[in-house]
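Report on the following structure.
The values are calculated or read from the model by the stated rules, or taken from the named source; none is laboratory data. What you are looking at is a predicted structure, and each value in this text was computed from that prediction instead of being measured. Cβ sites come from the backbone with ideal geometry, for glycine too, and all protein chains shown count toward neighbours. What goes into the accessible areas is simple: the full protein's heavy atoms, side chains included, and nothing from ligands, DNA or RNA. Shrake-Rupley method; radii C 1.70, N 1.55, O 1.52, S 1.80 Å.
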Amino acid sequence: ALAAVRSPTVVRARLHWAPGVSTPGRADTAVVKDSRAAARAARAIRLTGREPFLQDFVPGRLVALVTVTDRACRPLVWFQQRSERLWPSRRAGISARARSVAVDPALAARAAELLAALGWFGLVELQLVEPDHGPRLLLELNGRFYGSMALALAAGVNFPDAWARLGTGGPAPPLQTPRPGVRYQWLEGDLRAAWAEPRGGRLRDVLGCLAYAPGAAHSIWRSSDPGPGLWVTADLARRAVRRLSTRRAPS
């Protein structure tokens, strides 16, 4: 399959985690155009202990549909978001910016059929691509805490609490309809995307990231609990200093 790649193709890990995989984090997804690049991307994924998987590349916008189901596989509430910026690549990254949108009832109905057929219980995030023409296409199914979950919380849906209550045998909690128009930002990814893939000038884009931050939900930072955000910021600074010192070290 790798040798047959002649057009834009997505190379990704088939599973983010599987029994026996001890490598932390996730394997980056890549969009490649030829067999040599596909082989390199597959090799990088195998080095993490994961299995490469190929998908046709479909340009479009990344959409996520999230719910938590009870033990009868019934969704308690739906939440939908649309990405506004991706990183590490604008074509195959994860959400650096996203916004909550009104739930598409037809899409939710089809997703409910899928989850019922799987016998699914608990939290699930369905990631889809929304092309310019044609129906949305399912990219992956995440049965775990996902990176932009803070957006659902900010929009009024506490999925972790609901999952914990159901998983420990409690009753299904009441969940309100999420508010559309709430913003989310992964600041590190947003800044890195602005530096590597600027929109209308690098400095202007970086300043735009900083202007976007106030009022947005963040995956780690919260003013009422600043410790985790400060720790991550310090860790990023240490790694940046280490990289700079390594580059400047005499050969």
* To do: Return the only residue of ALA106, ALA116 being among the small types (Gly, Ala, Ser), out of contact with any strand residue (DSSP E or B) (no Cβ under 6 Å at 6 or more places or on another chain), within 30 Å of GLY170 (Cβ to Cβ) and open to solvent by 50 Å² or more (accessible area, probe 1.4 Å).
  => ALA116
* **Unique residue being touching a Pro at 6+ places or on another chain (Cβ under 6 Å) and hydrophobic (A, V, I, L, M, F, W, C) when the list is ALA112, ALA154** => ALA112
* To do: Scan region 188-209 and give yes if some residue there is of a type in the set (D, E, K, R), modelled with pLDDT of 95 or more and not in a helix (DSSP H, G or I), otherwise no.
  => no
* Within region 123-136, is there a residue that is under 22 Å from ARG192 (Cα atoms), free of Cβ contacts under 8 Å to residues at least 60 places away in the same chain and either open to solvent by 60 Å² or more (accessible area, probe 1.4 Å) or not in a strand (DSSP E or B) (or both)? -> no
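Yes or no, residue by residue, for (1) assigned to a strand (DSSP E or B); (2) at pLDDT 95 or above; (3) farther than 21 Å from LEU166 by Cα:
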| site | (1), (2), (3) |
| --- | --- |
| THR67 | yes, yes, no |
| VAL77 | yes, yes, no |
| ARG82 | yes, yes, yes |
| ARG91 | no, no, yes |
| ALA116 | no, yes, no |
* Is at least one residue of region 128-137 modelled with pLDDT under 95, within 18 Å of ALA98 (Cβ to Cβ) and touching an Asp or Glu at 6+ places or on another chain (Cβ under 9 Å)? -> yes
* Here are some conditions: (1) part of a loop (DSSP other than H, G, I, E, B); (2) open to solvent by 90 Å² or more (accessible area, probe 1.4 Å); (3) at pLDDT below 95. ARG179 meets all but one. Which one does it not meet? -> (3)
* To do: Identify, from the list ALA3, ALA72, the residue that is open to solvent by 20 Å² or more (accessible area, probe 1.4 Å), of a type in the set (Gly, Ala, Ser), closer than 20 Å to LEU118 by Cβ and free of Cβ contacts under 8 Å to residues at least 60 places away in the same chain.
  => ALA72
* Structure fact -> Among residues of region 28-65 being part of a strand (DSSP E or B) and free of Cβ contacts under 8 Å to residues at least 60 places away in the same chain, the residue least open to solvent (accessible area, probe 1.4 Å) is VAL32
* Asked: Filter region 197-233 for residues that are aromatic (Phe, Trp, Tyr) and under 10 Å from GLN185 (Cβ atoms); which is nearest to the chain's Cα centre (by Cα)?
  -> TRP221
